[in-house]
Amino acid sequence: MTLDPLAIVTAFGLIFLAELPDKTMFASLAMGTRMRPLYVWFGTSTAFLVHVALAVGAGSLIGLLPTMAVKLVSAVLFAFGAFVLFRNGGDDDEDEAGSKTATGFWPVYGTAFMAVFISEWGDLTQITTANLAATNGWLPTAIGSAAALMSVSALALVVGRFIAKRVPLKTVQRIGGICMAVLAVWTLIEAFTG
């Protein structure tokens with residue numbers, strides 16, 4: 001398996017943009033206001049790594065199918081991702097509770113892990129990761145996706161409040177939607193020309 005830098009950057013960029021307006025980012029932000037941020041980050045990062053491994057495994061299995069079928073399914077999944085991002089209105093249920101609920105490493109880690117692990121099943125980023133693994137290879141996709149998810153979690157914990165107040169989530173969603181739509185068209189063209 002080759003380590004294609006473009007595939008890593010593609011996975012990072014797509015997953016980062018798709019995860020940025022996601023509810024798990026706001027869950028990380030909310031948990032970070034009540035619990036130790038580093039412990040929360042360890043918990044969310046571990047959950048993301050598990051989901052990336054599952055998605056890459058599914059994508060690798062998809063990659064065993066004929067190339068034309070994989071590209072058509074990938075184009076449909078990218079188009080679905082664009083639809084979901086364009087349709088979402090940026091409604092956020094941010095928990096503003098100011099009290100600290102858990103303080104020790106394991107309680108905070110466990111809470112953060114379970115919150116992300118449960119909420120990410122069937123999420124757009126998991127579908128996109130599987131899709132990218134099928135077309136771009138499992139290793140660069142795993143590296144790019146995991147780095148993006150962990151970066152978004154860290155971003156939420158460090159500067160999440162700034163982003164939530166200054167950058168409209170609809171803007172981020174639209175940029176992600178445009179990227180997904182372009183990838184859908186590109187993949188569809190590749191399916192019929194390559």
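Quick notes on this structure:
- The listed residue being in a helix (DSSP H, G or I) and without any contact (Cβ under 8 Å) to a residue 24 or more places away in the chain, out of Ala30, Ala69, Ala47, Ala75: Ala69
- Any hit, segment 17-26, residues being farther than 27 Å from Lys170 by Cβ, touching a helix residue (DSSP H, G or I) at 6+ places or on another chain (Cβ under 8 Å) and part of a helix (DSSP H, G or I): no
- Applying the set (1) of a type outside the set (Asp, Glu); (2) closer than 17 Å to Ser151 by Cβ; (3) open to solvent by less than 20 Å² (accessible area, probe 1.4 Å); (4) at pLDDT below 90 to Ile15 leaves exactly one unmet item: (4).
- There is no residue in segment 122-133 that is open to solvent by less than 10 Å² (accessible area, probe 1.4 Å), more than 21 Å from Pro5 (Cβ to Cβ), charged (D, E, K, R) and in contact (Cβ under 8 Å) with a residue 40 or more places away in the chain.
- Only residues that are surrounded by 15 or more Cβ atoms within 10 Å (Cβ to Cβ) and either over 29 Å from Ala53 (Cβ atoms) or modelled with pLDDT of 90 or more (or both) were counted in segment 171-194, giving 1.
- Sole residue being modelled with pLDDT under 75 and under 19 Å from Trp41 (Cα atoms), chosen from Gly98, Gly63, Gly89: Gly98
- Extreme residue, nearest to Leu72 (Cα to Cα), among residues of segment 150-170 that are among the hydrophobic types (A, V, I, L, M, F, W, C) and at pLDDT below 80: Leu169
The values are calculated or read from the model by the stated rules, or taken from the named source; none is laboratory data. The structure displayed is predicted, hence computed values, not measured ones. We place every Cβ from the backbone using ideal geometry, glycine too, and count neighbours over all the protein chains shown. The accessibility values were calculated without ligands, DNA or RNA, using every heavy atom of the protein model including side chains. Shrake-Rupley method; radii C 1.70, N 1.55, O 1.52, S 1.80 Å.
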